[in-house]
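Working notes, beginning with the structure itself.
The values are calculated or read from the model by the stated rules, or taken from the named source; none is laboratory data. Just so we're clear, the structure is a prediction, and the values are computed from it rather than from any experiment. Here the Cβ positions follow ideal geometry from the backbone for every residue, glycine too, while neighbour counts run over all protein chains shown.
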Amino acid sequence: MKKNNFWMVRAGEGGRLIEDFLSKNIVAIGWNDLGGLNNIEDLDQLKAKFREIYPEASDGQVNNNAGQIYRFLRVFKEGDHVVTYDSSGRIYSVGKITSDYRYDSNLIEYHHIRDVEWLRKVPRDDLSTTSKNSLGSTLSIFQIKDLTVKELLGKPVDKEEEIEREEETLDVIKEDMEAKALEFIKDQVFQLSWEDMEELVAGVLRGMGYKTIMTPKGSDRGKDIMASPDGLGLEDPKILVEVKHRKASMGSSDVRSFLGGLRANEKGVYVSTGGFSKEARYEADRAINPTTLVDLDMLVSLIIQHYDNFDPETRALVPLKKIYWPL
């Protein structure tokens, strides 16, 4: 016997069409400009039509949006379960699809339609953290996994499944999101030009409370930035900074060359987005002048730590948005 699938169909941004979905016993999706799609036979044909109607769409947008539409059009079957969410009431409504796809420009704002028999409502607070997370995707359409399906249908979950489900706690989800965010920030930083990278490092130092002077462009004399409390290098500490923005790691000879240019009262910071070899780190550790090696991970950590103190010019180099997470 064929297993029925379980789908999420969002009722527009923020669930604004939820009343239409429930009162008219339907689920629906937008992209109305595509018109009726009954004659679409496969995904490639749908992608071609999407590119024709939305020529400004990127390849990623075409693949993502056409994939969601195709599921609604051809993968959804009568008897499949469907879920939609009322974000204001924090309620998931569960139903069964009772019709094939149809296009109706008169029923509601979204014109691609499936009829639904609504069966039950499930408060979000009744679900486990894992299920809340799995239902949190921002996609208009996606398939729901087995454990969450059982919860939505009010079926008992055995002890082994319960343990498996609770392994994914709110803290684990938070750590995963933080790790992904760090990688995205690193991607953005690495794409900067070498000139912007030097400006970014200087901005980080200013965010830490120092004043900076930049070496004239094109002059490579072992230092790119001078930082100090007064901005003139007359007050300690006087910090000389070298910035290397490249994929290759810096070796021991690079660090030795940098250290050789430091005077007795100066401290060093060597920034390399490509990292440092083990030997290079050894050279810095045993240097007479206190020297810190800053790789891409440490640079991003400093950016996040001091971002609130950045000037507008530095923020513009790496625009970030603060996201609040429950404790």
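Things to note:
- Some residue of region 128-139 being more than 29 Å from the chain's Cα centre (by Cα) and either surrounded by fewer than 16 Cβ atoms within 10 Å (Cβ to Cβ) or not hydroxyl-bearing (Ser, Thr, Tyr) (or both): no
- For Glu19, the requirement of being farther than 16 Å from Leu152 by Cβ, outside any loop (DSSP other than H, G, I, E, B) and free of Cβ contacts under 8 Å to residues at least 12 places away in the same chain is met.
- Selection status of Lys77, farther than 19 Å from Leu135 by Cα, in contact with a helix residue (DSSP H, G or I) (Cβ under 7 Å, 6 or more places away or on another chain) and assigned by TED's automatic domain parsing to the domain that holds Ala11: no
- Unique residue being closer than 26 Å to Leu152 by Cα, among the hydrophobic types (A, V, I, L, M, F, W, C) and touching a helix residue (DSSP H, G or I) at 6+ places or on another chain (Cβ under 7 Å) when the list is Trp31, Trp118, Trp7: Trp118
- Of the residues screened, Ser105 is not one that is under 31 Å from the mean Cα position of the chain (by Cα) and not in a strand (DSSP E or B).
- Some residue of region 298-312 being in a loop (DSSP other than H, G, I, E, B) and either over 22 Å from Ala179 (Cβ atoms) or hydrophobic (A, V, I, L, M, F, W, C) (or both): yes
- Residue match in region 261-271 (condition: polar (S, T, N, Q), touching a residue at least 24 places away in the same chain (Cβ under 8 Å), surrounded by 14 or more Cβ atoms within 10 Å (Cβ to Cβ) and assigned to a loop (DSSP other than H, G, I, E, B)): no
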